[in-house]
1. State all residues of segment 111-140 that are β-branched (V, I, T) and either surrounded by fewer than 16 Cβ atoms within 10 Å (Cβ to Cβ) or part of a helix (DSSP H, G or I) (or both); if no residue qualifies, say none.
2. Just the residues that are surrounded by fewer than 22 Cβ atoms within 10 Å (Cβ to Cβ) and not in a helix (DSSP H, G or I), please, taken from segment 76-108.
3. Condition first: touching a residue at least 60 places away in the same chain (Cβ under 8 Å) and more than 14 Å from L325 (Cβ to Cβ). Now tell me which residues in segment 365-389 satisfy that.
4. With A179, A144, A188 as the choices, which residue is under 30 Å from A101 (Cβ atoms), among the small types (G, A, S) and either in contact (Cβ under 8 Å) with a residue 60 or more places away in the chain or out of contact with any Lys or Arg (no Cβ under 7 Å at 6 or more places or on another chain) (or both)?
5. Of all residues in segment 237-266 being over 15 Å from D114 (Cβ atoms) and assigned to a loop (DSSP other than H, G, I, E, B), which is modelled with the lowest pLDDT?
6. Would you kindly identify the helices (runs of 4 or more DSSP H) lying entirely within segment 345-427 that contain at least 3 residues that are modelled with pLDDT of 95 or more?
7. Is it the case that some residue within segment 276-298 is of a type outside the set (D, E, K, R), in a loop (DSSP other than H, G, I, E, B) and touching a helix residue (DSSP H, G or I) at 6+ places or on another chain (Cβ under 8 Å)?
8. Do we find a residue being open to solvent by 10 Å² or more (accessible area, probe 1.4 Å) and assigned to a helix (DSSP H, G or I) anywhere in segment 314-323?
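The values are calculated or read from the model by the stated rules, or taken from the named source; none is laboratory data. Keep in mind that this is a model prediction, so the values were computed, not measured. Quick reminder, even Gly has a Cβ in these numbers, built from the backbone with ideal geometry, and neighbours come from all protein chains shown. Each accessible area value is taken on the protein alone, full model and side chains, heavy atoms only, with ligands, DNA and RNA left out. Shrake-Rupley method; radii C 1.70, N 1.55, O 1.52, S 1.80 Å.
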Amino acid sequence: MPWPPSAPRPDRRAGHTPDPHRRNPHGPHPHRLDTDVAVVGAGPAGLALSLMLLRSGVRVALLEKSAGDPAAPGRDFHGEVLQPGGQQILDRLGVLAAARARGARHLTGFRLLDRGRVLLDIDYGRLPGPYDHLLALPQRHLLAELTAACRALPGFDHLPGHRLSALTEEDGRCTGVVASGPGGRRVAVRARVVAGADGRYSRTRALAGIGAGRTEAFDQDVVWFSLPAPGRATGTVAVHRAPGSAVLVHDTHPDRLRIGWTLPHRGWPAVAARGIEAVRAELAAALPRFADLIREHLHGLDDLRLLDVFAAHADTWTRDGLVLLGDAAHTHGPLGAQGINLALQDAAALHPVLVDALAAGDCSRARLAAFAQLRAPAAEAVTRMQKVQAKALLGAGGPAADVLRSHAARLVGRTPLGTRITRRIAYGRTPPEVRTDLFTVKAPAQPLRTG
């Protein structure tokens, strides 16, 4: 272990899931666990961080409010396009190949089109291999592989179906969490650090009294849906400009198209009031290539999922004994497919900071601040980039705007500066490496699963 043990160790069997009946079958008091790091939220950030910590010999208790199987086909997630930076991290963790084997789609880059004419083509083939493409990887596949990898390691307490209800404190320092599980049972987890990775509407952040720092940075919201499209793959992420809006389209597994229709911010109620026939007609006009699929498979407004698009940067990312990462710390729009990339990079950056803090016996805000100092500039850079992208890709048209976009297209597509811009989008600002030198626990061999 990289630090002296602080307390008697609980059951360290691989993938141990505590049974609330085992120690306290009758009384009202919560079942109690002792761990090193309590991670709240089993999305890409929380699971990747858990896996890195477990590989470093750190005990982890992972709380997730959803009780369902992350691989269940019925579960729907908004973000699934992986940038090269995210692919690289997952490859270093040994889960990319297995997640991809479950089903994914190789995408060559981004395109901006106006009435079928290509205005901008960002070709990821200009980047060095093996991460010279985007990957449409259903998030359920990624979460299933990360969960399986965590459960195969010792020191892991997995708590699916448990909703965070309180943070515990002593002398102003966060010392753990209390969660409500199935049947109203409570679990109290004592931890040296709590890591809040529970998304854009983070309960960890709210219970800690930390402001979300939300700003209405974008003029658009996005309505998502998917359509079966056998034999109709596009091979790219395309933005189709249309009068008054733009529509994002990319392939997804299995043989489907994932479509994001941009609307004026907070404009969905007015659109919904027009009814599904009007929605189908407008989408078919914007995407004539797929008009037949839209008319055949878009049955009602219930097939559409609204994403409230905003930017946020939490007032602080750290407290004594507590740290926020991923969307809990900073939220971004969907343009440029940055969400999962940032979440995984946050996990990679936070991992060595936590290992160092635990080894030193100092999980104070000052010690954890190294993480925020590294990652906050990267998050702010993405917000700035997305504001520029939103104006360039989704802003008003016209002759002057078209000329500017044409110049930008030549710059990105034909010059070394364009390659540097593509690399920045693909990997971000100062991308962190996975600190495999801190791994002290060997990962067991995993069978390759397909789905």
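1. V118
2. Residues satisfying the conditions are D76, F77, H78, G79, G94, R102, G103, A104, H106, T108.
3. Result: E380, T383, Q386, K387.
4. Criteria check complete, one pass: A144.
5. Restricting to residues being over 15 Å from D114 (Cβ atoms) and assigned to a loop (DSSP other than H, G, I, E, B), the top hit is H265.
6. Of the helices (runs of 4 or more DSSP H) lying wholly inside segment 345-427, those with at least 3 residues that are modelled with pLDDT of 95 or more span 365-394.
7. Checked segment 276-298: at least one residue is of a type outside the set (D, E, K, R), in a loop (DSSP other than H, G, I, E, B) and touching a helix residue (DSSP H, G or I) at 6+ places or on another chain (Cβ under 8 Å).
8. no
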